[in-house]
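Structure record follows, encoded as structure tokens.
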Amino acid sequence: MLPSPYALLMTPRRCVRAVRTIHAPTSAIFNLLADPRQHASFDGSGSLQEVKDGPDRLALGSTFAMSMKIGVPYFTRNVVVDFVENRSIAWHHFTRCVWRYDLEEVPGGTVVTESFTYDNAAGLLVMLMGFPGRNRQSMEKTLERIEKLVTSSP
């Protein structure tokens, strides 16, 4: 039996994920993720335009703003809420929905998991706007772009 739509909305952990094994060291991938100036280069959604302000390298508690465009231009200010060197990095903006990357070193490379968690009050709006499905597709493109960036020759 499928859950009712109401039960679906009340699940305790609404999260979209994409996973890819990238044949590169965790440090190369983490360094890319920790540099907000590079985020637009690997964004698979096409909505990130450029870093508006922020540090050269993120750390726990860092804030950074990104110029965005989904139909109309706007910007988001993000706060880094998790930062474990070469393991994980996560941030959220005003909705408190969390973008997260987890890295796991494996023989010959790194398993990269990108996730978007929207299990807060803004989650209903996220669902109604259809972002979970679009986010999964964008995440797959993002991981592909990250792979190209960290495995291509300079």
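Here, each number is a calculation from the coordinates, and none is a lab measurement. No experiment lies behind these values; they were computed from the predicted model shown.
Partner aspartates and glutamates whose Cα lies under 13 Å from the Cα of LYS148, excluding those fewer than 8 positions away in the same chain, are identified as ASP43, GLU140.
Stretch ASP53-ASP119 to full length: gain in nm at 0.36 nm per residue minus the Cα-Cα span?
21.0 nm
Annotation: amide H of SER88 within the under-5 Å range of LEU103, sequence separation 5 or more or interchain, hydrogens built in the peptide plane. Between amide H atoms placed 1.01 Å from N, distances below 5 Å from ALA24 occur with THR110, all of them 5 or more places distant or on a separate chain.
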